[in-house]
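To start, the structure itself, in structure tokens.
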Amino acid sequence: MSGLKTFSLLAALVAVLLATAPVLAVKMYTTDNQELALRAVPGNRGKVITNIPPASAVELVKEHGWTLVRYTDPNGKTRDGWVPSSLLGAWPPDSSIAKEFGSENEAIKQRLGVTEKERTALLDKEKELTDKLVKLNSAYEELKKGSSDYLKLKSEYDSAKTTLASAQENIQTLVQENENLKMSQLIRWFMAGAVVLLVGLLLGWAAGRRQKRKKSTYFY
């Protein structure tokens, strides 16, 4: 008895939920390639509320030869009206789909063209940067070589300068020694001349004395 009572309560709850649950709207599409008149009442004589563009989505409200639909325009305003049921379908017309695909394809082509241009520009930029990098590397190598040559030349110059300074010192020493040698020779020549002169004087003096002695002997 308790189980039957519980089942009855559950059944009643399900029935209430089903009764209060919102009915999901069925979406359909206009299939005519022209604008479709949304009329206030079924029939071609009904007042036109608005015109629905081709392949527009509508919600199915009621269907009977003519179908009561709810159309939301691009501005977001919703209107209910009647359209011929034969001009409604579960999918947009093929022409509309093809047109939409064509538009998307054209947009993709345009984006592809822009992307290709950007790719070409990037490749040109990459080539430009690569050329600049090659030139910079070449300039760097030349700078390194020039720096090495400069250091080598500076070392040779410093060595030559040191050698020249040493040679100048040696030249000064040799000049001084030459001057000293000249002075020494001059002194020796002077001393030799003085000695010869002195010897001559002495010899002359001795010869004079000898002659005087001889004369004195003659007188006696």
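The values are calculated or read from the model by the stated rules, or taken from the named source; none is laboratory data. Note that the structure is predicted; figures quoted are calculated from it, not measured. Cβ atoms come from the backbone with ideal geometry, glycine included; neighbour counts cover every protein chain shown.
Listed values, structure above:
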item: Check on Asp80, at pLDDT 90 or above and of a type outside the set (S, T, N, Q); result: yes
item: Single match in Ser103, Ser96, Ser159, Ser148 (criterion: of a type in the set (Gly, Ala, Ser), in a helix (DSSP H, G or I) and under 34 Å from the mean Cα position of the chain (by Cα)); result: Ser148
item: Filter result (in contact with a strand residue (DSSP E or B) (Cβ under 6 Å, 6 or more places away or on another chain), in a strand (DSSP E or B) and not basic (Lys, Arg)) within the stretch 52-66; result: Ile52, Ala57, Val58, Glu59, Leu60, Val61, Trp66
